[in-house]
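Visitor: Structure in structure tokens, see below.
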Amino acid sequence: MKYLIDSNIFIYHLNGEDIASFFLQNHQSYSAISRITYIEVLSFNFDNIEQENNVKKLLAQFKLLELNQEIAPINGI
């Protein structure tokens, strides 16, 4: 994985920011998201269930990294 994508990129994409959409489209194959990003993005205020389902499909295209000591070390250990 080359990129760990933050929830802000997805939120910008959902708000129609072209640069965020371009980034997601062109870097998806070597990007991942954390479980926190997944949860944050799903807290977005969706217009309807169809939009929410489309976002879930988008998120499913990315490798999902669970929180653990390796990616979220406690006290830098």
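Visitor: May I ask for the Kirkwood hydrodynamic radius of the chain, worked out over all distinct Cα pairs and given in angstroms to one decimal? Could the numbers behind the result be given before it?
Guide: Values: mean 1/r = 0.0760 Å⁻¹.
About 13.2 Å for the chain.
Visitor: Another question, then. Select from the range 19-77 those GluC sites (Glu not before Pro) which occupy a DSSP coil region and have at most 11 other Cβ atoms within 10 Å, ordered by residue number. All intermediate terms of the calculation are to be shown ahead of the outcome.
Guide: Details: sites: E40, E50, E52, E66, E70; in loops: E66, E70.
Hits after loop and neighbour filter: E66, E70.
Visitor: What does the helix-only formula give at 222 nm for the chain: each DSSP H stretch with n ≥ 4 adding -39500 (n - 2.57), the total divided by the residues, and the result rounded to the nearest 500 deg cm²/dmol? Could the numbers behind the result be given before it?
Guide: Working: 4 runs with 38 residues, N = 77.
That calculation yields -14000 deg cm²/dmol at 222 nm.
Visitor: Let me check against my output: what whole-number percent is the relative contact order of the range 16-77, with C-alpha pairs under 8 Å and at least 6 apart? Could the numbers behind the result be given before it?
Guide: On the way: 26 pairs, mean separation 27.8, N = 62.
Relative contact order of the range 16-77: 45 percent.
Visitor: Angle check, please: helix 49-60 long axis (alpha carbons) against the longest principal axis of the chain (alpha carbons), in degrees 0 to 90, nearest 10.
Guide: 40 degrees
Coordinate-derived values only; no laboratory data. What you see is a predicted model, and the numbers here were worked out from it, not measured in a lab. So basically every Cβ, Gly included, is an ideal-geometry build from the backbone, and we count neighbours across all protein chains shown.
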